[in-house]
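Here, each number is a calculation from the coordinates, and none is a lab measurement. No experiment lies behind these values; they were computed from the predicted model shown. All Cβ positions, even for glycine, are placed from backbone atoms using ideal geometry, and neighbour counts span all protein chains on display.
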Amino acid sequence: MSTHDYSEWSAETAAIRAFQHRTHEQEHVDPLYMTSSFVYGSAAEAMRKFSGEEEGNVYARFHNPTVQLFEKRLAAMEGGEQCVATSSGMSAILSLALGLLKSGDEILASSALFGSTVGLFRNYLEKFGITIRFIPATDVVNPDAWASAITPKTRLLFAENPSNPLATLIDVQAVADVAHRHDALLVIDNCFCTPVLQQPLALGADIVVHSATKYIDGQGRAIGGAVVGRREHMQEIFNVVRTCGPCLSPFNAWLFIKGLETLSLRMKAHCEQAAALAEWLEAHPAVAKVYYCGLPSHPQHELAKRQLKAFGAVIGFEVNGGRKAAWSVIDSTQMLSITGNLGDVRTTITHPATTTHGKLTNEQRIAAGIDEGLIRVAVGLEGLEDIKRDLARGLDALAAR
Ligand SMILES: *Cc1c(COP(=O)(O)O)cnc(C)c1O
């Protein structure tokens, strides 16, 4: 079985069967190696393993067969040479920065980033002499904005694609070209799309980061992350994880392996539901605007069609009446989970201006396009009619006013 040439397999098959190594127990499902260390037949073998002269497990901070299986399968799905798994999405980004940057280097990032990513860059990396500059949210769509902001010190360009919660896209190919002309690397946080919907490496990006906590687990159980890319970069990042210790727990890796098995199927269902809900919202009289790149009304719908297999499951929409109106819709739901999390089978709803983007100043929020009337829904896998009914309660009441 383990001798199969998996390279001919589709991503769906690779996610389920690639690199399976069946033990003498003849188990059907990939086993969970819940062990921190490994033993050797002799002192000489231990020496060979520790020195790296002979391949094999040494210590689970950096070698664990369950974690390694998750890494290999995710690398195969992203089309990357190597993957390094980490304890969270944030530690994936931290390990990437520690591995590839030094004092004096600069990161050029989209300003439409996950809040903790901005916090990591600003509060911690800057402390060690790494400079962060941000492209305004309204300009990230324009590759020339990246080209004119890049400097000789820029080592990394960093973006989420599409952005949260307004689904702004960057043209990955064009921004990668900008990076490469200046000897910099393009990093894409692919957590909203997963490799099922978007393969940034194939589009020209150098590195992909993931919060596996979201769709890869998909069922709200575990925190974890990963970095995928070329071996030369991944070796540096592997050494950070090996030395500094933000490693993924084998148990969480095992959950993520189970998550990858159904990822294609789940993403397809998430996207179908989201596309239908976005259309329904756009037609609702209480909704002023819908941000979903699968809608023909989205300014980058054509780019989205070129870059993505489907359009994801996160929808932003605005109601008239600001915070009060948005909160009334959120508080009228009975089934949806009021939470900032996403990538779960359970549909979640949140008010970005006072939660995920609550730390921004008023000015920063307006610059980021986060209106007080904006609501974000991450569409789950409950029945679509039940999701609509839950949202209709508050929306219909607004429309009747
Ligand atoms: C959640 C998230 C992260 C951070 O991941 P954790 O697993 O929570 O550490 C990073 N980027 C994006 C886009 C996210 O949604």
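In the structure displayed, which of Lys214/Lys258; Lys305/Lys359; Lys127/Lys359; Lys324/Lys359; Lys359/Lys388; Lys153/Lys309 lie more than 24 Å apart, Cα to Cα?
Numbers: Lys214/Lys258 14 Å; Lys305/Lys359 33 Å; Lys127/Lys359 20 Å; Lys324/Lys359 19 Å; Lys359/Lys388 30 Å; Lys153/Lys309 35 Å.
Listed pairs above 24 Å: Lys305/Lys359; Lys359/Lys388; Lys153/Lys309.
With axes computed from alpha carbons, what is the tilt in degrees of helix 322-332 against the longest principal axis of the chain, rounded to the nearest 10 within 0 to 90?
Rounded to the nearest ten degrees, it is 70.
Based on alpha-carbon positions alone, could you give the equivalent ellipsoid semi-axes of the stretch 116-242 from the gyration tensor, as √(5λ), descending, whole Å? Walk me through the intermediate numbers first.
On the way: eigenvalues 98, 67, 50 Å².
Taking √(5λ) for each eigenvalue gives 22, 18, 16 Å, largest first.
For the residues Glu71, Glu232, Glu54, what sequence is obtained by ranking on other C-beta atoms within 10 Å, fewest first? Working shown, then result.
Values: Glu71 25, Glu232 9, Glu54 13.
The order, fewest Cβ neighbours first, is Glu232, Glu54, Glu71.
Could you give the size of the charge dipole of the chain about its Cα centre, using +1 on the Cβ of each K and R and -1 on the Cβ of each D and E, expressed in debye and rounded to the nearest 20?
Values: 36 positive and 43 negative charges, 151 e Å.
About 720 debye.
Only helical DSSP H runs with n ≥ 4 go in: add -39500 (n - 2.57) per run for the chain, normalise by residue count and round the 222 nm mean residue ellipticity to 500 deg cm²/dmol. The partial results should precede the final answer.
Numbers: 15 runs with 161 residues, N = 401.
So the calculated ellipticity at 222 nm is -12000 deg cm²/dmol.
Once the Cα atoms of helix 250-283 and of the chain are each reduced to a long axis, what angle between those two axes, in degrees from 0 to 90 to the nearest 10, is obtained?
20 degrees
On a 0 to 90° scale, report how tilted helix 89-100 is relative to the longest principal axis of the chain, with both axes built from alpha carbons and the result rounded to the nearest 10.
60 degrees
Treating the chain as a set of equal point scatterers at the Cα positions, no solvent, please give the Debye-formula log₁₀ I(q)/I(0) at q = 0.08, 0.11 Å⁻¹.
-0.44, -0.81
Compute the distance from the alpha-carbon center of the stretch 190-208 to that of the stretch 1-77, in whole Å.
If you average the Cα positions of each part, the centres end up 24 Å apart.
Can you find, among Pro165, His301, Ala397, the residue farthest towards the positive end of the dipole of the chain? Put +1 on the C-beta of Lys and Arg, -1 on that of Asp and Glu.
Of Pro165, His301, Ala397, it is Ala397.
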